[in-house]
Amino acid sequence: MTYIKRTLEKNILEISEDYSCLLLIGPRQVGKTTMLEHLMEGTARQKVTLDDAENRRLAKSDPALFLEMHPAPVLIDEIQYAPELFSYIKINVDNGAAPGSYWLTGSQAFQLMELAQESLAGRTAIIHMSSLSQAELYGDGTTEPLTLSIAKLNSRKEHLTSCNSIEMFERIWNGGMPGHKSGRYRDRDVFYSSYIQTYINRDVTDMIPGVDKLLFADFIRAAACRVGQMLNVHDIAQDVSVSDDTAKRWLQVLEKSEVIFYLRPYSNNLLKRTVKTPKMYFFDTGLVAYLTKYSSPDILMNGAINGAVLENYTVAEIRKTWHNSAKECLLHYYRDKDTNEIDMVIETDGELHPLEIKKSTNPGTELASAFNVLDKGSVPRGTGAILCLREEISAIDRSTFILPIWMI
């Protein structure tokens with residue numbers, strides 16, 4: 001197995017010099033623990049996992065004793081299984097715990113963020129991690145948040161590897177899960193099958209006691225068929241014969257464990273006809289391709305969901321450029337009741353940057369016409385781009401670039 005260097009490593013080490021406690025959250029098996037174990041090699045830090053039933057029992061029944069037996073600096077893995085630890089870690093931090101004393105990981109992001117904000121508000125750094133990015137898999141690992149300036153875009157080219165349409169769909173189909181991409185688990189289908197089983201058996205049953213595991217697996221597949229679309233809970237519920245209320249609860253579970261995420265529609269007080277429904281995406285397109293039963297990149301590239309899965313890949317990669325820089329950003333999409341639509345809107349530095357995503361190597365300039373609708377709002381429109389399968393960067397004009405997706 002080959003360790004793949006993660007872009008977050010530098011940020012983790014820098015943040016650990018400032019904060020006594022660091023919480024690394026993200027979906028199951030994206031490499032959180034592996035990266036932290038790599039960073040702690042040759043140090044005094046020890047690791048303890050709450051996947052172990054005995055460790056979990058002690059952490060829940062006597063958290064003070066648990067922390068005495070595993071003194072700082074320590075990596076506590078899967079801390080969501082013993083939330084009782086948070087208040088005791090707070091006591092140690094308030095009593096002067098050194099920077100970097102506690103590294104915590106977990107795969108139930110929303111629950112952990114709530115617990116950390118309640119018990120460790122202002123005392124812990126919360127960092128998101130997702131599956132491997134293009135920069136980590138097909139570049140030198142260097143990345144910055146995607147920004148649309150010519151200088152920044154030209155700099156990105158030096159750190160990333162270009163690809164054609166076929167190669168892009170190979171990236172999409174293979175996904176970015178470290179267990180598979182590192183060579184540890186070579187059979188992609190077996191890996192993703194095991195991933196779903198482990199996720200349901202550990203995370204889902206913990207959040208929904210007594211859940212029908214086979215039905216929930218069917219539910220995930222039904223959701224995967226609708227990536228890149230405005231969320232329609234009723235349609236997903238009908239596919240697996242559950243109630244709309246059940247489908248809503250199950251979608252919340254998928255979101256809380258970061259298997260899916262949403263882009264919320266952009267709106268402000270001057271844009272009154274915008275829709276309210278979010279669009280749904282999966283964190284990893286390899287998982288989408290597996291769940292939707294596309295057996296090869298070629299078949300996926302010519303399949304019914306090719307445009308939607310390309311959009312999913314692009315949105316997820318843009319999101320990773322921010323998370324891998326340990327930064328947050330406001331990411332939206334735009335759609336109004338007059339059917340004007342923009343696939344993605346990045347709100348940063350007081351400007352809106354509209355993005356259109358197309359499965360084309362030569363997109364038409366008319367695709368940028370929808371960007372003008374943002375001029376009616378109160379936030380100024382900045383540079384936009386059409387993201388596509390073109391191999392080289394180009395431009396429609398100074399305010400709209402044509403950007404290859406491999407450059408994200």
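Can you give the FRET efficiency for S241 and T205, using 1/(1 + (r/R0)^6), R0 = 25 Å, r = Cβ-Cβ distance, to the nearest 0.05?
Details: r = 21 Å, r/R0 = 0.82.
Plugging the Cβ-Cβ distance into 1/(1 + (r/R0)^6) gives 0.75.
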Over all Cα pairs of the chain, the Kirkwood radius sets Rh, and Rg/Rh then becomes 0.97
Residue by residue through segment 18-27, what is 3J(HN,Hα) from phi via Karplus (6.51 cos²θ - 1.76 cosθ + 1.60, θ = phi - 60°)? Round to whole Hz and write x for glycine and proline.
10, 10, 6, 10, 10, 10, 9, 10, x, x
Each residue of segment 11-16 in order: what ³J(HN,Hα) in whole Hz does its phi give by Karplus 6.51 cos²θ - 1.76 cosθ + 1.60, θ = phi - 60°, with x for Gly and Pro?
5, 4, 5, 5, 5, 5
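Antiparallel versus total DSSP beta bridges in the chain: what percent is that, nearest 5? Intermediate values should be presented prior to the final figure.
On the way: 20 of 48 bridges.
Percent antiparallel among DSSP bridges in the chain is about 40.
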Amide H of G384 versus every other amide H placed in the peptide plane: which residues, excluding those fewer than 5 positions away on the same chain, fall under 5 Å?
T400, F401
Taking 0.36 nm per residue of sequence separation and subtracting the Cα-Cα distance, how much length would be gained by fully extending the chain between S61 and D338, in nm to one decimal?
94.0 nm
Under 5 Å between amide hydrogens, which residues at least 5 positions from K47 or on another chain qualify, with H placed 1.01 Å from N in the peptide plane?
L75
According to a simple spin-label model (label point 7 Å from Cα along Cα-to-Cβ), what is the distance in nm between S360 and E41?
4.7
At a threshold of 8 angstrom on Cα-Cα distance, excluding pairs fewer than six apart, so keeping six or more, what relative contact order does the chain reach in percent?
16
Nearby lysines by direct alpha-carbon distance to K376 (threshold 25 angstrom, same-chain neighbours under 8 apart not counted)
K272, K276, K279, K337, K358
Relative contact order as a percentage, segment 162-307, C-alpha pairs under 8 Å and 6+ apart, gives 33
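How big is the dipole moment of the chain about its Cα centre under a simple scheme where the beta carbon of each Lys and Arg is +1, that of each Asp and Glu is -1, and everything else is neutral? Debye, nearest 20, please.
Working: 44 positive and 53 negative charges, 89 e Å.
With Lys and Arg at +1 and Asp and Glu at -1, about 420 debye.
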Enumerate the amide H contacts of M344 below 5 Å, restricted to partners 5 or more residues apart or on another chain; note that Pro and chain-start residues carry no placed amide H.
Y334, L355
Can you list the lysines whose alpha carbon sits under 21 Å from that of K90, skipping same-chain ones fewer than 8 residues off?
K47, K60
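For the peptides 132-139, 24-31, what is the packing order when you average, over each peptide's residues, the other Cβ atoms within 10 Å and list the highest mean first?
In decreasing order of mean packing, 132-139, 24-31 become 24-31, 132-139.
None of the figures in this text is laboratory data; all of them are computed from the coordinates on show. On a predicted model such as this, the values are computed, not experimentally measured, just so you know. For neighbour counting, all protein chains shown are included, and Cβ atoms are generated from backbone atoms with ideal geometry for every residue, glycine included.
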